[in-house]
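Notes for the one structure printed next.
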Amino acid sequence: MKKLIFLGCLSNSKYKNTCDNAIKIIQTIDPSYTVLNDAPCCGALSYHIGSDIELKEHVEFVNNWFKMNNVSEIVTTCAGCYNYLTKYYTQFLGNEFKIEVKHFLQFLVEPENLSKLDLKYSGKKLKVSYHDACHLRNAVVPIIEEPREILNSIDNIELKEMENNKTNSICCGAGGGVYSIFKENSDYNSKLIFDQLNRGKILLTACPFCYTALVRIKKEHQIKKPVVKFEDFIVNIMEGVDPLDG
């Protein structure tokens with residue numbers, strides 16, 4: 001039986017360094033996890049643009065690929081993949097879908113895994129803010145407290161909550177075709193997220209879609225505070241790199 005790191009199409013095509021960091025963290029904890037380069041798309045876009053029949057066909061195709069490759073467990077670094085794998089695969093396949101699916105944050109927060117990493121930040125106390133992605137907070141099994149537990153476990157890292165957080169967080173406007181059709185709405189939302197940083201020095205996100213939207217707005221509005229993907233932040237802590245410089 002095979003343990004698979006499922007990177008997702010967006011991250012694998014645009015954020016290679018972040019993928020490498022995710023792989024580094026997961027394999028440091030459990031070297032038996034592997035990456036298969038020919039992994040198919042989870043089918044998230046089929047939900048937005050296709051029919052239920054097309055979505056079901058793709059779900060069956062991907063599930064057969066999992067079976068052919070003897071996959072029994074998945075850790076995915078993509079919020080969208082996690083949402084769709086845990087929702088539509090059980091919806092269309094029922095008990096036939098036998099794979100244990102975890103998001104990177106669920107995997108990392110397990111006490112034995114945090115213990116293996118033994119994360120410590122030796123610099124001056126650093127205030128960070130975390131943005132709750134819709135794909136994670138609205139999932140069948142929501143992921144809300146996990147990133148907060150991880151951050152609160154690291155010495156000298158202080159979590160500064162935004163006004164809108166957890167189930168009340170602001171959608172970044174990247175998904176569901178919003179940016180393509182209503183760009184001004186998407187841009188407004190992403191800028192509002194930055195406006196709520198308060199005293200946080202870094203904006204953290206665990207969603208590649210949110211990251212894409214927030215990086216674009218940061219550049220367009222010349223915002224100085226960095227937006228950092230959660231995996232990159234953790235690797236910086238592991239390797240003693242100042243997150244503000246890395």
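Derivation of every value follows stated rules applied to the coordinates shown; laboratory data play no part. Model, not experiment: these values are computed from the prediction. Virtual Cβ from ideal backbone geometry, glycine too; neighbours counted across all protein chains shown.
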Given the pairs K24/K160; K116/K219; K67/K116; K16/K102, which span a C-alpha to C-alpha distance of over 25 angstrom in this model?
K24/K160; K116/K219; K67/K116
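Tell me the net charge near Y15. Cut-off is 12 Å between Cβ atoms, Y15 excluded, with +1 for each Lys or Arg and -1 for each Asp or Glu.
Summing Lys and Arg as +1 and Asp and Glu as -1 gives 0.
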Here the averaged projected area of region 116-238, based on the convex hull of its alpha-carbon atoms and given in nm², is 7.7
For the chain, what number results from the quotient of the Cα radius of gyration and 2.2 N^0.38 Å?
1.00
Fewest first, what order do M162, M68, M238 take by the number of other Cβ atoms within 10 Å?
M68, M238, M162
